[in-house]
1. Considering only the chain, what is the antiparallel percent among its DSSP beta bridges, to the nearest 5?
2. Suppose each label sits 7 Å from its Cα in the direction of the beta carbon; what would the R353-L213 distance come out to in nanometres?
3. Modelling each spin label as a point 7 Å along the Cα-to-Cβ direction, I'd like the E247/K396 distance in nm, to one decimal.
4. Ranked by Cβ crowding within 10 angstrom, fewest neighbours first, how are K168, K448 ordered?
5. By what distance, in whole Å, do the Cα atoms of segment 262-393 stretch along each of the three principal axes, largest value first?
6. How would W171, W338 line up from fewest to most surrounding beta-carbon atoms within 10 angstrom?
7. Can you list the aspartates and glutamates whose alpha carbon is less than 16 Å from that of K280, not counting same-chain residues fewer than 8 positions off?
8. Kindly write out, for segment 439-445 in residue order, the coupling ³J(HN,Hα) from the Karplus curve 6.51 cos²θ - 1.76 cosθ + 1.60 (θ = phi - 60°), rounded to whole Hz, with x marking Gly and Pro.
Amino acid sequence: KMYNKFSTYWMDGKGAHAPNVMVDKCACPTNCGLCTNHLSHSGLANMIVTNRCDLTCWYCFFYVKKGLEGAYLYEPTHEQVRAMMKTLKAEKPIAGNSIQITGGEPMLRDDITDIIRIMKEEGVDHVQMNTNGIKLALSPETMRQVRNAGVSNLYLSFDGVTPRTNPKNHWEVPYALESARKCGTTVVFVPTVIKSINDHELGPIIRYAQKHLDVVHAVNFQPVSLTGRMGKKEREKYRITIPDCIERIQEQTNGEISMDDWFPVPSCMPLTNVIEAFSKKPKYELSIHFACGAGTYVFEDTQTRKLIPLTSFVDLKGVLEYFEEKAEEIRSGANRYWTMLQVIRKLNQFVDRNKQPHGLDLAKMFSSILLKRNFDSVGSWHVRSLFLGMMHFQDKYNEDLERLQRCDIHYLTPDLRIIPFCAFNVIPEWYRDRIQKKFSIPVEEWEKAHGQTLEAGLYRGIMRRGKPEAQMGCAMSEMHKAAAESMANDDHKAVELRNGMAGA
C-alpha cells in the first residue's frame with residue numbers, strides 16, 4: 001500500500017552536468033562521476049575529511065583500523081578541499097549549495113575550522129557537520145569555533161535513548177545539545193536503525209527530540225545498510241525497511257504519528273516547480289526515487305504538548321496538486337505574478353484552522369517560502385516544527401539502478417568526480433576504497449609524522465556512568481540519572497553473580 005502511494009510521486013529531475021565527466025556512452029554503475037545518465041543534481045554533497053574515528057562501532061562500514069592489511073589514512077589537503085568545492089559549485093543547471101562534512105569523525109582534524117572556512121569561501125549556504133558529538137560535548141569552546149567558522153547544523157549520531165541501544169554517545173549527547181543550544185547551532189538526530197537492536201526505541205527517540213525542540217529540528221532515521229558478507233539468517237535478523245520503521249513509529253507513539261502521515265521525498269517537487277515557474281530560474285529540487293526516502297513534519301501544540309502531524313490539519317495531497325497545476329499554467333503563458341497571487345490567496349483553503357496547533361499560522365509560513373524563496377524562509381518553518389525523515393541507503397543485496405540514477409546524496413572526491421552515495425559505498429572496490437587509497441598514506445607514515453598512534457585518538461569514555469564534567473556548564477540530565485541508576489544496578493547484579501560463582 002505504501003509503495004503504491006509513494007510511486008504516484010515519481011518525478012524525474014532536470015539531471016546534472018558535472019564538467020569533469022561528460023561521457024557519451026554510460027554503463028551504469030561503472031563510470032559514475034556524474035555521468036550523463038544521472039537524473040538529479042547534488043541535493044547534499046558529502047566530503048570525507050578523514051577516515052579516522054574515535055569510536056569503533058560494530059556496524060560502521062567505514063573507518064580506518066590499524067592492523068588490517070593495506071590500512072591507509074585518508075585526509076585531503078586544503079588545496080584538495082577547495083578544488084572539490086569548486087567542482088560542486090560548477091555543477092549545472094543547479095550549482096551545489098549544501099555540503100556535509102563527514103568521516104570517520106571529522107572533528108578529529110585539528111584544522112577543521114580552516115576546512116569549514118574554505119567551504120564557505122567557495123560560496124555554499126549550508127554546511128552540515130556529520131559527527132558523533134563527543135569532541136563538541138567535551139569542549140563548548142570547540143562548538144563555538146565550529147559555529148563561527150560557518151557550520152549551520154550538526155548531523156548527530158543518536159541510536160537510542162538507553163546505554164544499551166546507544167553505547168557510543170549516550171552519555172555525551174546531553175552535553176553536545178547544551179553546547180549547541182548556547183552557540184545557536186541546530187541539531188539533526190541520526191539513528192541507524194537495526195532490527196532487533198534498537199527498533200523498539202524509535203518512538204522514544206522522537207519524544208526525546210521533542211523535549212529539545214528548541215535545538216533539535218529533525219530526526220532522520222536510517223535503516224541499516226548490510227555491508228560485507230552476511231548469511232540469510234543474519235540478514236533476516238537485522239534487515240529493516242522504511243515501512244517497517246514507519247509502522248513501529250505509529251505503534252510507539254500510540255497512533256499520534258500514523259503511517260498515513262508520511263510522504264516520499266519527491267512529493268515536494270510541485271513546490272519547487274511552482275517557485276521555478278514564477279522565478280524563471282532553475283531551482284533546487286529533490287528528485288530522488290520515491291523508494292529512497294520518506295518524511296513528515298510534526299508540530300508541537302503549545303497547550304497540549306502533543307505532536308500534531310502536518311497532514312492532520314493540511315490537505316497536503318490537494319495543495320501539492322494545486323502547486324503543480326499552477327506551475328503548468330505559468331509555463332503555458334499565464335501571468336506569473338497574478339498566478340502567484342492566486343496561490344497565496346488560496347493557501348488558507350487547504351489548512352483546517354480548527355485543527356491547526358495553537359500558535360501556528362501555516363498559510364503565512366507557506367507564503368513566506370513562496371515569496372522569499374531562500375534558506376531563511378525555509379529555516380523559519382523548521383523553527384516551529386520537527387522533521388521526521390527516513391533514508392534507506394542501498395547495499396549489494398538490494399542495489400537498484402533506477403534508484404542509483406536518481407540519487408541526490410553525492411560524494412566529492414579529490415580526483416574531482418561527484419559520485420552517488422549508493423555507488424560510492426556499495427561498490428567500494430570501484431569507488432570509495434580505490435579513490436581514497438590513491439590519495440592516502442600508510443597509517444604508520446601518519447603516526448610517524450604526527451608523533452602519536454592511531455589508537456591514541458580513541459575515546460575512552462571519560463564522561464560515562466553519569467559523572468558530569470565541570471566544564472560542561474550544565475547539571476546532570478534526567479537521561480544521565482536514569483542511565484546511571486541502570487548501570488549501577490547492572491554493576492551490583494554483576495558483583496552478586498561473581499560472588500555467587502566464587503562461592504560455588
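1. Here the antiparallel bridges make up roughly 40 percent for the chain.
2. For the pair R353/L213, the computed spacing is 2.1 nm.
3. Each label point is offset 7 Å from its Cα along the Cβ direction, giving 2.9 nm.
4. Ranking K168, K448 by Cβ neighbours within 10 Å, fewest first, gives K448, K168.
5. Result, largest extent first: 47, 38, 26 Å.
6. Fewest-to-most ranking of W171, W338: W338, W171.
7. Reachable aspartates and glutamates: E324, E328, E329.
8. Values per residue, Gly and Pro as x: 10, 10, 10, x, 4, 4, 5 Hz.
Taken together, the values in this text are just the output of simple stated rules run on the coordinates, not laboratory data. None of the values given here were measured: they were computed from a predicted structure. For neighbour counting, all protein chains shown are included, and Cβ atoms are generated from backbone atoms with ideal geometry for every residue, glycine included.
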